[in-house]
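Q: I'd like to ask some things about the structure below.
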Amino acid sequence: MELIPYLLTHIKLTPAECEAIDNAFATETFAKGTILSRPDNHSKNVHFIEQGLIRVFYYFDGKDITHYFFDENNFTVSFESVFFDRPHPYGEQALEETTLRIIPYSKLDALCNSIPAFKDYRLKVSLQVISMLSDKMISLQFQSAEQRYKNLLNKFPGILLRAPLGHIASYLGITQQTLSVIRAGR
């Protein structure tokens, strides 16, 4: 969904506010496989995904690990870079052709200060991201690999058609071999 129609499903905005928000965000489309940012980046941009799928990843002991997937109608930001002025440990990659709306955080902050409903929504989105990451941490600590797999399919029903199995296994914290065993048991 495009940015403005999406926002209007969550908050009330005047036509002038919609225009200000729409004009502040650039639009860019990226090919499948494009690295949008590398781990340890200093990006100060906020992305809204209008179309496509992004994986957030990092490197550990020379391995590429998928931290999270974000699909349409989600915002992403290099949290550590924006808020703490330090390298953000995660990179982002487009797993399919992806259209983003992009805005520097400083511009987003100025918009939020002039549009109260948008400011309130920014807080809501931030809290949703914290909740998603908390849920992932709890799942890794307390759920079996099969439970994590089922939860992933509930959260991202089409993920098996959109992301390589290696990235899915990595996200789940299991090997591709274990993922194959789980999938065969369905």
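The values are calculated or read from the model by the stated rules, or taken from the named source; none is laboratory data. Every value quoted in this text rests on a predicted model; they were computed, and no experiment measured them. Please note: Cβ atoms are built from the backbone with ideal geometry, for glycine as well, and neighbour counts cover all protein chains shown. Heavy atoms of the whole protein, side chains included, go into the accessibility calculation; ligands, DNA and RNA do not. Shrake-Rupley method; radii C 1.70, N 1.55, O 1.52, S 1.80 Å.
Q: Measure nothing fancy, just the Cα-based angle from helix 116-142's long axis to the longest principal axis of the chain, in degrees from 0 to 90, nearest 10.
A: 10
Q: A follow-up question, please. Sequence neighbours fewer than 8 away in the same chain don't count; with that in mind, list the lysines whose C-alpha is under 25 Å from LYS107.
A: By straight Cα distance, LYS107 reaches LYS12, LYS44, LYS119, LYS124.
Q: Report the charge-dipole magnitude of the range 43-186 in Debye, nearest 20, computed about the Cα centre from +1 at each Lys and Arg Cβ and -1 at each Asp and Glu Cβ.
A: Using only the charged Cβ atoms, the result is roughly 260 debye.
Q: Another one. Any idea what angle helix 15-24 forms with the longest principal axis of the chain, computed on alpha-carbon atoms, 0 to 90 degrees, nearest 10?
A: The answer is roughly 60 degrees.
Q: Further question on the same structure: Measure nothing fancy, just the Cα-based angle from helix 145-155's long axis to the longest principal axis of the chain, in degrees from 0 to 90, nearest 10.
A: 30
Q: Provide the per residue accessible area, probe 1.4 Å, for the chain, rounded to a whole number of square angstrom.
A: Here the per-residue accessible area is 55 Å².
Q: Heavy atoms only, probe 1.4 Å: what % of the accessible area of the chain goes to carbon and sulfur, would you let me know?
A: Exposed carbon and sulfur together represent 55 percent of the surface.
Q: So how much accessible area does LYS150 have, in Å² to the nearest 10, using a 1.4 Å probe?
A: We get 110 Å² for LYS150.
Q: For the range 96-185, compute Rh as the Kirkwood radius over C-alpha pairs and then the Stokes-Einstein diffusion coefficient at 20 °C and 1.002 mPa s; write the answer in µm²/s, rounded to an integer.
A: 136
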